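The values are calculated or read from the model by the stated rules, or taken from the named source; none is laboratory data. Not measured: the values here are computed from a predicted model. Using ideal geometry, Cβ is built from the backbone for each residue, glycine included, and neighbour counts are taken over all protein chains shown.
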Amino acid sequence: MTSCKQPFVEDQAKCEVVFAYHQQTKHHFNRYARSPGYLDWANQPNPFRHYEGAQQTKLDVHRQPRPLPYDRLYEKDALPAQPLNLETLADFFRYSLALSAWKQYGSSRWALRINPSSGNLHPTEAYVLLPPLSGLSDTPTLCHYMPQPHALERRASFSEEVWQHLTNLLPDGSFLLGLSSILWREAWKYGERAFRYCQHDVGHALAALRFSAVLCGWDLRLAQGWSTAEVAMLLGLDRSDEFFAEEREEAELLCIVGPDLASQDEIEFVPSAKGIRHQIRDAVWHGRANRLSKQHAAWPVIDEVASATAMPQDTRFADPRNNSQAPIADDVRNVDARTIISQRRSCLGLDVGSTLSLRAFLRMLGRTLPGPHAPWDAVCWRPCIHFVLFVHRVIGLPSGIYAFVRDPTKLDVLRRVMRSEFAWQSPAGVEGDGPLYLLREADCRDDARTLSCHQDIASDGFFSLGMLAEFAEPIRRHGSWFYRNLFWEAGLIGQVLYLEAEAAGARSTGIGCYFDDAVHDVLGLTDNQFQSLYHFTVGIPVEDRRLQSWPAYPEASK
């Protein structure tokens, strides 16, 4: 398999745009990346996209899918495949992108979702291309998923010829799923750094969808060979007259979902098949996107990096996957996977006196290792992200700074580029349990707090971490578009840590605000060979009793 790239000069110019954007949007001690500087509540984007005039089909919120112990989410073929119908689609979306609760403080009320999002702003939208289904349509149909009513709304009706062209090599019961980002939703609050957070959220959503597919007995994996422009065409996102210009949706990725995909080839989609492209564009399309804000602020640098990171046509990965198997705990936790998935929350404050067992700590880290199971079988590149951990209160481990190397072939590189005084010792009692190395023993709470924009949650938990990505080399090797994939990998890791924390009786949260180069200085990194892309913290939550909670779908709790 080869990586088909753009002409060298053009691609290198786009890589420079990526590097410039990443540098420009770093936070520093003396200044933060450019943002509005205040919250313009009058123009806060509507968190729910819908298409005015499109037919909606409600999905059942009363269903109780087959039980599955949480730990079996990480096993291959944990459940037999379910048939594709509206009932199984209801399950699939309910435990991936649906609402998880409503919260209220005073007169303000807002929704939480199964998939995490920076600032709970939820830029990610999902679309499905389905075969004829009873209760939905007697023709192949493109639908947009609506989390608030838990419904599908019809965007387009396609011919059988289009459906067969796209899926003729896939098993019966398969369908296509696409994700997009409404960049404005994040830019409203975070300004120039918003593109980073949108990509985190794509990774969160991808992992959430992959875990939910396990509950249906389905596989899910990225479709290779599709360009960003082709995904936009298929999902109708290039139909500019149906969107407000400032609220356009950026096409992100396309997935195949269905039974027994492990032995299947990629989707046969020939970009030169003009007849099929014309049929997609000339299909019967329904609805116009609702307006999310009355006024908008322009962030040209976001448009520039979105353009520079668009996937070119027929791009595939040359790198083999690293299919090392993450360790499976011998004391399987019998709590139902749906319970863990539904109760996931981001913590706002953490208990400074709580502790975590070494066993639970190692299990959390082990779940982030690649392997031939969810969610890692959804992606098709070797891991590029490693951890720098600030360990505060893990029983049996000295407090200090640690490294967790997710690809063992990169250990020597990391040792070479980091500070020469780092110890790189396997902690006592951990030898053979994973690629964990003690760099420096110390009370690192102040460092953790300071580096994460002075936020107490980074120092008050059991541990916090920075996700350190192999950066310049893979972007230059694969292409500028790989910048998005690095953040997707970070989001996948984040969703695993979210669920693992819940399963351990704790809670976690992603931290998007950190001082980029200050993190690198602590580690001794001097160039962009490695860059910190996401921070995370885990601990026992301190609940805010002023908040009221309500069921996600009240009718489902009756």
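Within the range 494-509, can you find the residues that are under 21 Å from Tyr190 (Cβ atoms), assigned to a strand (DSSP E or B) and either free of Cβ contacts under 8 Å to residues at least 60 places away in the same chain or not β-branched (Val, Ile, Thr) (or both)? Ser508 - this is the single residue of the range 494-509 that is under 21 Å from Tyr190 (Cβ atoms), assigned to a strand (DSSP E or B) and either free of Cβ contacts under 8 Å to residues at least 60 places away in the same chain or not β-branched (Val, Ile, Thr) (or both). In the range 87-109 there is no residue that is at pLDDT 95 or above, loosely packed, with under 15 Cβ neighbours inside 10 Å and polar (S, T, N, Q). Here Glu125 meets the list (1) within 23 Å of the chain's Cα centre (by Cα); (2) charged (D, E, K, R); (3) not in a strand (DSSP E or B) almost entirely, failing just condition (3).
Look at the range 294-310: where a residue is modelled with pLDDT of 95 or more and a partner is of a type in the set (S, T, N, Q), sitting 6+ places away or on another chain with Cβ atoms under 6 Å, you get Lys294/Asn43; Gln295/Asn43; Ala308/Ser480; Thr309/Ser480; Ala310/Thr228. Could we say that Leu112 is in contact (Cβ under 8 Å) with a residue 40 or more places away in the chain and within 19 Å of the chain's Cα centre (by Cα) here? Yes; evaluated as a whole, the condition is true for this residue. If you take the residues of the range 452-484 that are under 17 Å from Leu369 (Cα atoms) and not aliphatic (A, V, I, L, M), which of them is surrounded by the fewest Cβ atoms within 10 Å (Cβ to Cβ)? Once the filter is applied, the top-ranked residue is Glu470. For the range 32-69, enumerate the residues that are on the phi > 0 side of the Ramachandran plot and either of a type in the set (S, T, N, Q) or assigned by TED's automatic domain parsing to the domain that holds Lys294 (or both). The one that is on the phi > 0 side of the Ramachandran plot and either of a type in the set (S, T, N, Q) or assigned by TED's automatic domain parsing to the domain that holds Lys294 (or both): Gly37.
Of all residues in the range 209-253, those being more than 12 Å from Leu176 (Cα to Cα), charged (D, E, K, R) and not in a loop (DSSP other than H, G, I, E, B) number 9.
When we screen Arg415, Arg449 for residues that are modelled with pLDDT of 95 or more, in the same structural domain as Cys347 (by TED's automatic domain parsing) and under 25 Å from the mean Cα position of the chain (by Cα), the only hit is Arg449.
Scanning the range 186-207 for residues that are in contact with a helix residue (DSSP H, G or I) (Cβ under 7 Å, 6 or more places away or on another chain), within 14 Å of Arg484 (Cα to Cα) and either among the basic types (Lys, Arg) or modelled with pLDDT under 95 (or both) gives a single hit, Arg196. Does Lys26 fit the bill of being touching a Ser or Thr at 6+ places or on another chain (Cβ under 9 Å), surrounded by 15 or more Cβ atoms within 10 Å (Cβ to Cβ), outside any helix (DSSP H, G or I) and basic (Lys, Arg)? Considered against the rule, which asks whether it is touching a Ser or Thr at 6+ places or on another chain (Cβ under 9 Å), surrounded by 15 or more Cβ atoms within 10 Å (Cβ to Cβ), outside any helix (DSSP H, G or I) and basic (Lys, Arg), Lys26 comes out as no.
To keep it simple, each residue is scored yes or no on (1) at negative phi; (2) part of a loop (DSSP other than H, G, I, E, B); (3) out of contact with any Leu (no Cβ under 6 Å at 6 or more places or on another chain).
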residue: Leu362; (1), (2), (3): yes, no, yes
residue: Pro370; (1), (2), (3): yes, yes, yes
residue: Arg382; (1), (2), (3): yes, yes, yes
residue: Val388; (1), (2), (3): yes, no, no
residue: Leu411; (1), (2), (3): yes, no, yes
residue: Ala448; (1), (2), (3): yes, no, yes
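Only one of Leu142, Leu176, Leu169 is part of a loop (DSSP other than H, G, I, E, B), closer than 16 Å to Ile276 by Cβ and of a type in the set (A, V, I, L, M, F, W, C). Can you tell me which?
Just a single option satisfies the conditions, and that option is Leu169.
Among the candidates Ala223, Ala194, which residue alone is within 30 Å of Gln295 (Cα to Cα) and not acidic (Asp, Glu)?
Only one candidate passes the filter, namely Ala194.
Listed here are the residues, each with its yes/no results for (1) polar (S, T, N, Q); (2) surrounded by 14 or more Cβ atoms within 10 Å (Cβ to Cβ).
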| site | (1), (2) |
| --- | --- |
| Asp527 | no, no |
| Ser532 | yes, yes |
| Val538 | no, yes |
| Val542 | no, yes |
| Pro554 | no, no |
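Every residue in the range 348-365 that is surrounded by fewer than 21 Cβ atoms within 10 Å (Cβ to Cβ) and either within 25 Å of Arg484 (Cα to Cα) or among the acidic types (Asp, Glu) (or both), please. Residue satisfying the conditions is Asp351 alone. Within the range 257-282, being among the charged types (D, E, K, R), modelled with pLDDT of 60 or more, farther than 13 Å from Asp377 by Cβ and part of a loop (DSSP other than H, G, I, E, B) holds for one residue alone: Asp282.
Restricting attention to the range 510-539, the residues being within 20 Å of Tyr21 (Cβ to Cβ) and either outside the structural domain of Phe463 (by TED's automatic domain parsing) or not in a loop (DSSP other than H, G, I, E, B) (or both) number 11. So in the range 34-58, with the set limited to residues that are touching a helix residue (DSSP H, G or I) at 6+ places or on another chain (Cβ under 9 Å) and of a type in the set (Ser, Thr, Tyr), which one is farthest from Pro300 (Cα to Cα)? Among them, the one singled out is Thr57. Name every residue in the range 208-247 that is surrounded by fewer than 21 Cβ atoms within 10 Å (Cβ to Cβ), touching a helix residue (DSSP H, G or I) at 6+ places or on another chain (Cβ under 7 Å) and among the charged types (D, E, K, R), in order of residue number. Listed by number, the residues that qualify are Arg221, Asp238, Glu246, Glu247.
The single condition among (1) assigned to a helix (DSSP H, G or I); (2) β-branched (Val, Ile, Thr); (3) more than 30 Å from Ala205 (Cα to Cα) that Val430 does not satisfy is (1). The number of residues in the range 316-350 being acidic (Asp, Glu) and either at pLDDT 95 or above or in a strand (DSSP E or B) (or both) comes to 1.
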